[in-house]
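Right, one structure below, let's go through it.
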Amino acid sequence: MTGLRIVMVTTSYPRFPGDTIGTFMEPIARGIAGRGHEVHVVLPWHPRLARPPIEHGIHFHPVRYAPHPSLNVFGYAESLRADVNLRVAAYLAAPLALQALVRATRRVARDVDASIVHGHWLVPGGVIAALGAGGRPVVVSLHGSDVYVAERNAAARFAARWALGRIAWMTACSNDLRARTIAIGADPRRIETIPYGVDVERFRPDAARRESARAALGLSAADVMLFTAGRFVRKKGFAYLIDALARLAPAHPGVRLVIAGGGDLDGELRARVAAHGLGSRVHFVGVLAQDDVARHLAAADIAVMPSVKDDAGNVDGLPNTVMEALASGTPLVATTAGGIPSVIEDGKNGLLVAERDVAGLAAALDRLAGNRELRASIGAAARADALARRTWDRVADAFERVYDQALSRRARR
């Protein structure tokens, strides 16, 4: 495929190197640019956005939209409170941001003579891409919260269905997300599943990083370290993990839980730890940069991703921690929520339990905590799977095929 000019529209992107917001967006853009395509990213301006105009072959076009700093809440995981309810400021900022992003997308697509406009998140990225494409083929990638908003909000659902009729091709990060988008109105013949990849160099087994991270946490070689990471929102299921640890603790005095992240539920989670009397067993380490997440995963004996579909119906498409644990060779205990079963085969490269099943989660952790050999075999299988099937280079190859499908469909019209 000859070099294309791709305009990517996104409302989240790592604002600076190591940022934990929209982490999958950067390797997607870099992977496409690394294959000789010209990539232009249109994204909302943010006070913490620190990207040069061109980096790693990616051209950045930040869009200012808010007349007052308090309205800079569009995108970057700031529009939803606890990932469930839209913030009031987001309602006020949305018309300004949407209008500005559509204008910028149309201008950039025209100025660079774009081959394809690639929107990320159906709502709003897909809608913005469809409005700003100027007749060019539109590809949209689905990531999770976009479909949830379309399922729950009538105006968003109307906009999503309008965009679905104008999209040449779609990708979803999980089969669950694909099925839910078809239920909204997507053509099943034009949507395919492309799971996220993972940086297998950043996330890898590393004895030196393991030793230094455990020492910083005050852990001995005999302690069994559990690690989880994510925003403190309901769908991450951290409350169930804390409850499972309370069951596990009496039989495993050396088990310690390290939780990385932050968010609206911070106080609630800390109170839950205290109520169980687990204060000395749980370490809250705050929001970690990507390199620090990799260091903690290398240090962990078990990674945990207790995702759930929350009471409002929101669920992760495919949590980054799942892919990162695979590449790190850290045995993972995860739930069957969302897209996790599409990459984890129970008993092979991880252990799966039902979501919200505290007893099942505790039992799986007990099984691994007491069996060093099982941890080693599952971790080795996880790393081998990541190397063989989960690299970002393979994801870039899949997106190139999607672009070819979109261009071919336009040619047939």
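The values are calculated or read from the model by the stated rules, or taken from the named source; none is laboratory data. Everything numeric here is computed off the predicted structure, so don't read it as measured data. Cβ atoms come from the backbone with ideal geometry, glycine included; neighbour counts cover every protein chain shown.
What the table below lists for this structure:
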| quantity | calculated |
| --- | --- |
| Pairs, first at negative phi in region 155-169, second basic (K, R), C-beta under 8 Å, six or more apart | I167/R190; A168/R190; A168/R409; A168/R410; W169/R190; W169/R409 |
| Lone qualifier among E192, E151 - being acidic (D, E), under 21 Å from H37 (Cβ atoms) and surrounded by fewer than 24 Cβ atoms within 10 Å (Cβ to Cβ) | E192 |
| Any pair with Cβ under 7 angstrom, 6 or more apart, that starts in region 59-72 at a residue that is within 14 Å of R15 (Cα to Cα) and ends at one that is among the charged types (D, E, K, R) and assigned to a loop (DSSP other than H, G, I, E, B) | F60/R51 |
| Residues that are of a type in the set (D, E, K, R) and surrounded by 17 or more Cβ atoms within 10 Å (Cβ to Cβ), drawn from region 36-53 | E38, R51 |
| Unique residue being part of a helix (DSSP H, G or I) and assigned by TED's automatic domain parsing to the domain that holds T228 when the list is R401, R367 | R367 |
| Yes/no for G360 being small (G, A, S) and over 19 Å from the mean Cα position of the chain (by Cα) | yes |
| Pairs, first of a type in the set (F, W, Y) in region 1-21, second part of a strand (DSSP E or B), C-beta under 6 Å, six or more apart | Y13/L43 |
| Scope region 356-399; condition touching a His at 6+ places or on another chain (Cβ under 8 Å) and of a type in the set (D, E, K, R); matching residues | D366 |
| Region 1-23: number of residues that are of a type in the set (A, V, I, L, M, F, W, C) and either part of a loop (DSSP other than H, G, I, E, B) or surrounded by fewer than 21 Cβ atoms within 10 Å (Cβ to Cβ) (or both) | 4 |
| Test set (1) within 24 Å of R231 (Cβ to Cβ); (2) in a loop (DSSP other than H, G, I, E, B); (3) at pLDDT 95 or above - L101 fails condition number | (2) |
| Elements of type strands (runs of 3 or more DSSP E) contained in region 166-282, each with 2 or more residues being within 19 Å of S328 (Cα to Cα) and in the same structural domain as G370 (by TED's automatic domain parsing) | 224-229, 255-260 |
| Which numbered condition V138 misses (of (1) outside the structural domain of T335 (by TED's automatic domain parsing); (2) surrounded by fewer than 24 Cβ atoms within 10 Å (Cβ to Cβ)) | (2) |
| Residue within region 72-87 that is assigned by TED's automatic domain parsing to the domain that holds R48 and at pLDDT 95 or above present | no |
| Sole residue being in contact with an Asp or Glu (Cβ under 8 Å, 6 or more places away or on another chain), surrounded by 14 or more Cβ atoms within 10 Å (Cβ to Cβ) and not in a helix (DSSP H, G or I), chosen from A327, A337 | A337 |
| Any hit, region 24-35, residues being on the phi < 0 side of the Ramachandran plot and in a strand (DSSP E or B) | no |
| Any hit, region 72-80, residues being assigned to a loop (DSSP other than H, G, I, E, B), on the phi > 0 side of the Ramachandran plot and of a type in the set (G, A, S) | yes |
| Hey, A114 at pLDDT 95 or above and not assigned by TED's automatic domain parsing to the domain that holds L269 or not | yes |
| Of the criteria (1) closer than 20 Å to G197 by Cβ; (2) over 19 Å from the mean Cα position of the chain (by Cα); (3) surrounded by fewer than 16 Cβ atoms within 10 Å (Cβ to Cβ), which one R394 fails | (2) |
| Residue ID - surrounded by the most Cβ atoms within 10 Å (Cβ to Cβ), chosen from residues in region 259-274 that are among the small types (G, A, S) and under 23 Å from the mean Cα position of the chain (by Cα) | G261 |
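Residues checked against (1) of a type in the set (V, I, T); (2) in the same structural domain as G338 (by TED's automatic domain parsing); (3) modelled with pLDDT under 95; (4) over 15 Å from H40 (Cβ atoms):
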| position | (1), (2), (3), (4) |
| --- | --- |
| A93 | no, no, yes, yes |
| L96 | no, no, yes, yes |
| A109 | no, no, no, no |
| H120 | no, no, no, no |
| A130 | no, no, no, yes |
| H143 | no, no, yes, yes |
| V149 | yes, no, yes, yes |
| A163 | no, no, no, yes |
